Each structure stands twice: as C-alpha cells, then as structure tokens.
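Bear in mind that the values in this text are calculations on the coordinates, not laboratory data. Just so we're clear, the structure is a prediction, and the values are computed from it rather than from any experiment. Please note: Cβ atoms are built from the backbone with ideal geometry, for glycine as well, and neighbour counts cover all protein chains shown.
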Amino acid sequence: MKATGLLLIILTALLTMTWPAGCNSQITPQQARRQVRDAVNFFMHLTAVQIDAYWHVGDYENCIRLLKLQIELKPRHVEAYDGAAWLLWSMRRFDEAEALYKQGIAKNPKTYRLYFELGQMYYLTARPSLYNKSGEESRRLYEKAVEQLYLAVQHPCPAQVNRLLARILHTLHRYDEERKVLEDILKDNPTDTIARRNLKRLEEMGK
C-alpha cells in the first residue's frame, strides 16, 4: 500500500476516535481544527515510538518509510526530513537524500537546519578516502556544501554552522571569504577560541 493511502486510513481512524460520542450537532471550524491537530499529534507520537523500535533492531527501511509518513502529515516537521535523509545518505543513497533535503528546504525555507544538513552531507561525502571520489568530484561537493551553508547562515544558527563554512572555504583556498566568516563569528562572540585560532592561522599564512 502506498504511504499516502495508509496515511489516509490512519487519519480517518484517529479522527473517528477523537470525534465526540453521540455528537449530532455541527462542530465549529475551531473544534474541527483542534480535533485534526490532536489526531495529527497522536499519530506523530505513535510513529515516533515505532521509528525508535525499528531503529534499535536496524530496520532502517521502515524507519525511512515512517519518517516519510510523518512528512506527509506535517510538511514543516524538519526532524523527519533530516532523519530520513540522513539514513538515506548513510546507506549511500545520495540522490534520494539530496532530493529529500531539497523537498524539506522548499517547505521550510526560513530555518537554517536543512540547508546546514544538506551542506554537511556534501562535506562529509566529499572525502575521497571514504567515498572513492576523484579530486574534482570532491571539490565540486565542497563547493555545493559552501552554497548551502551560505544559505544557512542567512538565518539564526549556532556557531558550528559558520565554523563549518569557514573550514570548507579554507579547504577550497578561498581565504578572503574564510576570513570574513571568522570575523563575523568573533563579532558575535569575541570569546570563540576556535575562530580566533583559525584567524591567527590565516594571518601566519599571510592570507
């Protein structure tokens, strides 16, 4: 059965369960929205419990299947996109993971999280020794990572996002851009020792 069909069956059952017994009067739009919200939250909880069970026995295919069901139910649930995409690329299904991250970004364009996760996937899978990439393939993945991380830092985000961006810019020898990112980190947090150390390294390199 397709995920959408299963989802509709489950939702119908949950809505029936939450419908007031013996209610003959027409419910208000506000009551209807509340019932739908309660049903959705109940379903999300049930699937989260089952995802955890599948995870602990190594049944990652069913983890992905249920995470995608969560996405259909709550398109703005960032954790579901991230969890499913991470599993996909961990299984070397890179194209599927990339497509899912981009789907999540389209639904959640104003948060840093999925830009960062997609950029991190590009960065981690660029390692030639681990994923049998040529030098040119690795470079292109680093460049794609930079593109996503620049999008991520346009939104409120933790310093680790900026640090990763600076690290990849250094790998690509884009030192002027790296310097600017490090300076921005220190502007927000003058006590960031990692950024200060890396900025000092650039100065010692004459960059």
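Scan the stretch 155-176 and report the pairs whose first residue is over 17 Å from L118 (Cβ atoms) and in contact (Cβ under 8 Å) with a residue 12 or more places away in the chain and whose second residue is of a type in the set (S, T, N, Q) and assigned to a loop (DSSP other than H, G, I, E, B), with Cβ atoms within less than 8 Å and a gap of 6+ or a chain change.
Sorted first by the residue in the stretch 155-176, then by its partner, the pairs are A159/N189.
Please go through the stretch 62-119 and give me each residue that is assigned to a helix (DSSP H, G or I), of a type in the set (S, T, N, Q) and closer than 24 Å to A39 by Cβ, ordered by number.
N62, Q70, Q103
How about the stretch 91-117: which of its residues are among the hydroxyl-bearing types (S, T, Y) and under 19 Å from E72 (Cβ atoms)?
Answer for the stretch 91-117, where residues must be among the hydroxyl-bearing types (S, T, Y) and under 19 Å from E72 (Cβ atoms): just Y101.
Of the conditions (1) closer than 25 Å to K102 by Cα; (2) among the hydroxyl-bearing types (S, T, Y); (3) more than 20 Å from the chain's Cα centre (by Cα), Y81 fails just one. Which one is it?
Answer for Y81: the failing condition is (3).
Considering only residues that are among the hydrophobic types (A, V, I, L, M, F, W, C) and in contact (Cβ under 8 Å) with a residue 12 or more places away in the chain, which ones fall in the stretch 53-79?
C63, I64, L66, L67, L69, I71, L73, V78
Count, please, the residues in the stretch 79-108 that happen to be surrounded by 16 or more Cβ atoms within 10 Å (Cβ to Cβ), closer than 14 Å to T125 by Cα and polar (S, T, N, Q).
0
Which condition from (1) crowded, with 17+ Cβ neighbours inside 10 Å; (2) free of Cβ contacts under 8 Å to residues at least 40 places away in the same chain is the one that L130 breaks?
(1)
May I ask you to verify whether Q148 is exposed (fewer than 13 other Cβ atoms within 10 Å of the Cβ) and not β-branched (V, I, T)?
Here the answer is no, as Q148 does not meet what is asked.
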